[in-house]
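The structure appears right after this line, and notes come after that.
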Amino acid sequence: MMRMLVTLLMALSLWALPAVAQSNGPLRIEITEGVIEPLPYAVPDFVSDNSAGADFGHRIARVIASDLSGTGLFREIPGEAHISRITSFESPVQYADWKVINAQALITGAVSVDNVGKLVVRFRIYDVFSGQELGNGLQLVGTQEGWRRMAHKVADQVYTRITGEGGYFDSRVVFVGESGPKDKRAKRLAIMDYDGANVSYLTDSSSIVLAPRFSPTGDRVLYTSYETGFPRIYVLDVASVGRRALETQAGTMSFAPRFGPDGRMVVYSLTQNGNSDIFKMDINSGASARLTDAPSIETAPSFSPDGSQIVFESDRSGTPQLYVMSANGGEARRISFGQGRYGTPVWSPRGDLIAFTKQSKGRFHIGVMRTDGSEERLLTASFLDEGPTWAPNGRVIMFTRETQGAQGQASLYSVDITGRNLKQVQTTTGASDPSWSPLQN
């Protein structure tokens, strides 16, 4: 494979290793304790194939640039530094002009609107120093209103071809939108693009809602609502916003739901007579089964990607810790042994890591560990960080960060699994409890 792909793939696969650099060619990726020198790239405005597409070329290029640069793995060379000007999608690339400004990747594209009003986007990706196209050019067709999604899809292709990993830009996040003073905060379910754009609301603020969780196909959301006065789990269809309650035993409280990888099985916590245990339910038939039976508090369950195991939080050892058990219940093994309290575990979509919240010495952290509890790594630290959720490619984690004091506000942040590239996700209101969708179809 081309040198650019191989080098970045090597960089991304490292787990806090010493510095690695390529010295036998023009491309050089510097890595020190997980820090990568971003790859320089250029993305000129996409050219317009007809007048109807003229409004889209600049906007699409800017979203692509925002996606790539936002990863921390890429650095855009601004348009004013470009020597060559892309005026035709078919014209040969003047590689020498892009080498001079040290662009190692070049993305070019063209946009048009066809005779039925559809937006047509074509693009190509080039490895400048090898003087070759990276893969084949592609064409996307969609609605004019969906131009941002098309830009995200282009960025996903660029990211994947250069890093060898799956993309995550054409995805959405469901979360709890918050407004009002801290002691009287209104909460409602909201959904947005992964970068905070295109926010819409799925519920009103008449009752408290918590812990929305996407289905594996991204078409449904589980969440907990207090509209009846005590917590109860609902499943909501994202497209129609229709919903129904999951039927549980009378006199019980149900919460902390999460879909299994088949989208049919749901695992959740249920409290009865003051005791919380973990149950699973087939949401089609309503048949349920108890997975734990202990006097301790068992909560926050999460399936492994293959559906064979469940990680959960329990205070059976005296403080909240993380345990793993079979998806059918039975004996659980403890996997967290560091100082502090552990909670909200979530299995990575890759299956190799578990993300969690940790409270230690008055600070909250988002961390990751191997599924056997080894190689614990804390990625953040603040007054209150909690509730991690994984990007579809298992590379990035989003979570809630809340500031302290009477005016404290909850916001969404994201961080790379190396602990790099911590940044706030821009939302129009306060936001908490994020859940990342899979890539959209």
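The values are calculated or read from the model by the stated rules, or taken from the named source; none is laboratory data. Predicted model, so just to flag it, every value in this text is computed and none were measured. Positions of Cβ are generated from backbone atoms using ideal geometry, with glycine treated the same way; all protein chains shown enter the neighbour counts. The accessibility values were calculated without ligands, DNA or RNA, using every heavy atom of the protein model including side chains. Shrake-Rupley method; radii C 1.70, N 1.55, O 1.52, S 1.80 Å.
Note on segment 70-85: residues that are surrounded by fewer than 18 Cβ atoms within 10 Å (Cβ to Cβ), of a type in the set (A, V, I, L, M, F, W, C) and under 34 Å from the mean Cα position of the chain (by Cα) total 1.
Mind checking whether some residue in segment 172-182 is in contact with an Asp or Glu (Cβ under 8 Å, 6 or more places away or on another chain), closer than 30 Å to Tyr41 by Cα and of a type in the set (A, V, I, L, M)? Looking for residues that are in contact with an Asp or Glu (Cβ under 8 Å, 6 or more places away or on another chain), closer than 30 Å to Tyr41 by Cα and of a type in the set (A, V, I, L, M), one finds at least one in segment 172-182, hence yes.
Is there a residue in segment 194-202 that is more than 24 Å from Lys423 (Cβ to Cβ) and not aromatic (Phe, Trp, Tyr)? Walk me through it before giving the result.
Keep residues of segment 194-202 that are more than 24 Å from Lys423 (Cβ to Cβ), which gives 201-202.
Filter once more, keeping what is not aromatic (Phe, Trp, Tyr): 202.
Looking through segment 194-202, at least one residue is more than 24 Å from Lys423 (Cβ to Cβ) and not aromatic (Phe, Trp, Tyr).
For Arg350, indicate whether it is open to solvent by 20 Å² or more (accessible area, probe 1.4 Å), touching a strand residue (DSSP E or B) at 6+ places or on another chain (Cβ under 7 Å) and modelled with pLDDT of 95 or more. So Arg350 fails the test. Where strands (runs of 3 or more DSSP E) fall wholly inside segment 60-140, the ranges with 2 or more residues that are of a type in the set (Val, Ile, Thr) are 105-113, 119-127.
Quick check on segment 86-101: of everything there that is open to solvent by 60 Å² or more (accessible area, probe 1.4 Å) and farther than 20 Å from Val154 by Cβ, which residue is modelled with the lowest pLDDT? The residue in question is Pro92. Being open to solvent by less than 40 Å² (accessible area, probe 1.4 Å), under 19 Å from Ile297 (Cβ atoms) and touching a residue at least 40 places away in the same chain (Cβ under 8 Å) is the filter here, so list the residues in segment 249-267 that pass it. Answer for segment 249-267, where residues must be open to solvent by less than 40 Å² (accessible area, probe 1.4 Å), under 19 Å from Ile297 (Cβ atoms) and touching a residue at least 40 places away in the same chain (Cβ under 8 Å): Ala256, Pro257, Val267. Scanning segment 207-237 for residues that are free of Cβ contacts under 8 Å to residues at least 40 places away in the same chain, open to solvent by 20 Å² or more (accessible area, probe 1.4 Å) and outside any loop (DSSP other than H, G, I, E, B) turns up Arg232, Asp237.
Within segment 188-206, the residues that satisfy the criterion of being in a loop (DSSP other than H, G, I, E, B) and not small (Gly, Ala, Ser) are Tyr194, Asp195, Asn198, Val199, Leu202, Thr203, Asp204. When you check Gly329 against the structure, is it among the small types (Gly, Ala, Ser), without any contact (Cβ under 8 Å) to a residue 60 or more places away in the chain, open to solvent by 20 Å² or more (accessible area, probe 1.4 Å) and more than 29 Å from Lys184 (Cα to Cα), yes or no? Here the answer is no, as Gly329 does not meet what is asked.
Whenever a residue of segment 78-97 is under 23 Å from Leu138 (Cβ atoms), its partners that are open to solvent by 40 Å² or more (accessible area, probe 1.4 Å), lying with C-beta atoms within less than 7 angstrom and at least six residues away or across chains, give the pairs Ser84/Gln94; Ser84/Asp97; Phe89/Arg122.
Condition check ((1) out of contact with any Asp or Glu (no Cβ under 9 Å at 6 or more places or on another chain); (2) without any contact (Cβ under 8 Å) to a residue 12 or more places away in the chain; (3) surrounded by 22 or more Cβ atoms within 10 Å (Cβ to Cβ)) across all residues:
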site: Gly109; (1), (2), (3): no, no, yes
site: Ser112; (1), (2), (3): no, no, no
site: Ser130; (1), (2), (3): yes, no, no
site: Arg148; (1), (2), (3): no, no, no
site: Ala155; (1), (2), (3): no, no, yes
site: Gly166; (1), (2), (3): no, no, no
site: Asn198; (1), (2), (3): yes, no, no
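Filtering segment 316-325 to residues that are open to solvent by less than 50 Å² (accessible area, probe 1.4 Å) and either closer than 13 Å to Asp293 by Cα or not β-branched (Val, Ile, Thr) (or both) leaves Pro320, Gln321, Leu322, Tyr323, Met325. Could you tell me which residue of segment 397-434 is most open to solvent (accessible area, probe 1.4 Å), considering only residues that are in a strand (DSSP E or B), hydroxyl-bearing (Ser, Thr, Tyr) and over 19 Å from Ser205 (Cα atoms)? Among residues in segment 397-434 that are in a strand (DSSP E or B), hydroxyl-bearing (Ser, Thr, Tyr) and over 19 Å from Ser205 (Cα atoms), the one most open to solvent (accessible area, probe 1.4 Å) is Tyr413.
For segment 253-306, residues that are outside any strand (DSSP E or B) and more than 20 Å from the chain's Cα centre (by Cα) total 15.
The lone criterion from (1) modelled with pLDDT under 95; (2) closer than 21 Å to Asp156 by Cα; (3) open to solvent by less than 40 Å² (accessible area, probe 1.4 Å) left unmet by Gly25 is number (2).
Applying the criterion of being among the β-branched types (Val, Ile, Thr) and more than 21 Å from the chain's Cα centre (by Cα) to the residues of segment 112-162, the residue that is farthest from Asn198 (Cα to Cα) is Val128.
Would you mind stating whether Ser240 is exposed (fewer than 14 other Cβ atoms within 10 Å of the Cβ), in contact with a Lys or Arg (Cβ under 9 Å, 6 or more places away or on another chain) and among the polar types (S, T, N, Q)?
So Ser240 does not fit the description; no.
Here Asp67 fulfils each of the conditions (1) among the acidic types (Asp, Glu); (2) open to solvent by 30 Å² or more (accessible area, probe 1.4 Å); (3) under 21 Å from Gly196 (Cβ atoms) apart from (2). Of all residues in segment 355-372, those satisfying the criterion of being under 20 Å from Ser302 (Cα atoms) and open to solvent by 20 Å² or more (accessible area, probe 1.4 Å) are Gln359, His365, Arg370, Thr371, Asp372.
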